[in-house]
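Notes to accompany the following structure.
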Amino acid sequence: MKTYKKLGLVSVLSILILIGQTGCQDWLDEQPLVQLSEGSFWNSQSDAMLALTGVYNGSNVGNNSYTNELLILSSATDDSSYKFGSVGNIYSGYLRAADTQVVLAIWQRAYRTIFKANYFLENIGRVEMDQTIKDEWIAEVKFLRAYEYFYMSLLYGGVPLITNVMTIEEANTQTRNSRTEVVDFAIQELTAAAADLPASRPENEKGRIVKAASLGIKGRLLMIDEKWAEAIAVYEEIIGLQVHEIDPRYKTIFEEAGEGSSEIILSTNCIAGLYGNTHNQRNHHPEFYGGYSEVNPYQGMVDAFLMNDGLPIEDSPLYDPENPFDNRDPRLYASIFLPEYTEFRGRLFLAHPDRASNNIAALPGATGYGWKKYVTEDYAGDFGNSGDDIILLRYAEVLLSYLEAKIENGDIINQDLLDQTINEIRGREAVMMPMVTETDPAKLTEILRRERRVEFCIERTIRYMDIRRWGIFEEVMNKQFYGMKLTDDPANYTDYSVETSGPMSGHYKVIDKTGSITADMELIPIPLSEIDINPALEQNPGY
């Protein structure tokens, strides 16, 4: 495989190979003065730190240069649209096995990190240093490797499970392990890593892995495989650390001003102008305000937000179809640019084609809505190089996953449990939604699933994991998707495609995927270039 061919050349330790691509960690800004040979490396703790830096840099956690990965996972669900391809990159046919920008980039990045992790773990024993520190660093590297396998098992399913440095010949004959084997290995590594990771970090180690991160990703894998009792134990362990808590703020957590929040368990640490965040501009910043607006919320995502009385729009007496954005869950205003409603930087957000001053309405995936969650209103720097960290895991997910696991495990649900989980999240000062009192498992499950969709909207992998875990992937993806309402007279409106009847009358018709989504589409293809080099790799069904 081409990836392994690149990673198999380990007879000489080049700093360029070891360190790889620079990421977003401030503490990882360790620049070597000279290149080092294999024989002169691994002789000191500083060498080991340089190697640890290399594993972080370029990893899924430490590097933010792979913008398309977030594009895939944020637009690969029923929540939002990729502006050039509708219903996400994956399900619009945008991704093919031969794709190099996304499919191959994800694969190569993962295996580069796995190579560096394997190389580190095979050589760290040569360094004489404090054993406690060494164990902690080993735990960090085990986490980073396990995180790559978690990520690949989610996207590709089973992949080659490589746990040692290989020659080119060995690497190019590897076959795919089963998804179960990959997941079992990741859980084993995450368990071991958690034992030696600290519960918290000082400010000068911001961006490095903590115990709850390893436990939290383990919890995700257990949830995916419906191992509810084990997941409960993991989440109780995180809660018992008493390190993380729900932040009273909401939108600020996703901005540079909130990056020190104790709610954040795992994130990519970005520095404006140095290791900047490009997603602000590419994915979220509306074109109306100078960005790219590459992913756009659907009407269904907007409608998922409750009224501020705690009821859905179809049940609440507060809902006014003529003023559909009034009296809503405050997270709606924090998360989405609403047409002719959101005021931002002194301008009313206009997305209707009759009023917008740009071509947003002409784009195939345009919906008239924009993602606001990661956009900082008072940011005056380069939108494509901001200092906003990218959150990968929050304590809110721990609490809602804990509640879900308790429900699915058949445990008794009482008000105390609700108050410790979902109500803790709804009760944050910036949200203050009505408290949940429902204890019937079936009804509570419906409430919980909506809560996850709203709370974690546009956050990487969560909705994608959820609709697959809940077994509703095909159901929610096989439908007509809509954008904002364009007209009150759809029968005579010809400028853009709109629904002509029913409750969505007059709304953008973005794309119709009814009946075209299959279970195979839950996974992305194995890169064709890798199969060309190593025919032993079997392609995923449907590609």
Select, from Asp326, Asp416, Asp378, the only residue that is farther than 27 Å from Ser293 by Cα and without any contact (Cβ under 8 Å) to a residue 40 or more places away in the chain. Asp416
Suppose we keep only residues that are open to solvent by less than 10 Å² (accessible area, probe 1.4 Å) and in a helix (DSSP H, G or I) within region 370-403. Which one would you say is farthest from Lys211 (Cα to Cα)? Leu403
Expected single match for basic (Lys, Arg), open to solvent by 40 Å² or more (accessible area, probe 1.4 Å), without any contact (Cβ under 8 Å) to a residue 40 or more places away in the chain and closer than 24 Å to Ile407 by Cα among Lys218, Lys227 is Lys227
Does Phe288 satisfy being open to solvent by less than 50 Å² (accessible area, probe 1.4 Å) and at pLDDT below 85? yes
For Gly216: the one exception among (1) under 18 Å from the mean Cα position of the chain (by Cα); (2) within 14 Å of Ala117 (Cβ to Cβ); (3) at pLDDT 95 or above; (4) assigned to a helix (DSSP H, G or I): (2)
Residue by residue through region 155-183, note down the ones that are open to solvent by less than 10 Å² (accessible area, probe 1.4 Å) and part of a helix (DSSP H, G or I). Leu155, Ala171, Val182, Val183
Restrict the check to region 291-307 and report whether at least one residue is in contact with a Phe, Trp or Tyr (Cβ under 8 Å, 6 or more places away or on another chain), open to solvent by less than 10 Å² (accessible area, probe 1.4 Å) and without any contact (Cβ under 8 Å) to a residue 60 or more places away in the chain. yes
Those residues of region 255-285 which are within 30 Å of Leu348 (Cα to Cα), at pLDDT below 75 and either part of a strand (DSSP E or B) or open to solvent by less than 20 Å² (accessible area, probe 1.4 Å) (or both) amount to Gly276, Asn277, His279, Asn280, Asn283, His284, His285
From the option list Lys485, Lys479, single residue qualifying as basic (Lys, Arg), touching a strand residue (DSSP E or B) at 6+ places or on another chain (Cβ under 9 Å) and surrounded by fewer than 19 Cβ atoms within 10 Å (Cβ to Cβ) is Lys479
Name the residues in region 405-419 that are open to solvent by 10 Å² or more (accessible area, probe 1.4 Å) and not in a loop (DSSP other than H, G, I, E, B), would you? Lys406, Ile407, Glu408, Gln415, Asp416, Leu417, Asp419
Count - residues of region 291-301 that are at pLDDT 95 or above and touching a strand residue (DSSP E or B) at 6+ places or on another chain (Cβ under 6 Å): 1
Scan region 490-527 for residues that are open to solvent by 70 Å² or more (accessible area, probe 1.4 Å) and in contact (Cβ under 8 Å) with a residue 40 or more places away in the chain and jot them down. Asp495, Tyr496
Of everything in region 101-158, what is in contact with a Pro (Cβ under 6 Å, 6 or more places away or on another chain) and either among the aromatic types (Phe, Trp, Tyr) or at pLDDT 95 or above (or both)? Give them in sequence order. Trp107
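The values are calculated or read from the model by the stated rules, or taken from the named source; none is laboratory data. In this text the structure is predicted, and so the values were computed from the model without any measurement. With ideal geometry, Cβ positions are generated from the backbone for all residues, glycine too; neighbour counts draw on all protein chains shown. Areas reflect the complete protein model, heavy atoms only, side chains present, ligands, DNA and RNA absent. Shrake-Rupley method; radii C 1.70, N 1.55, O 1.52, S 1.80 Å.
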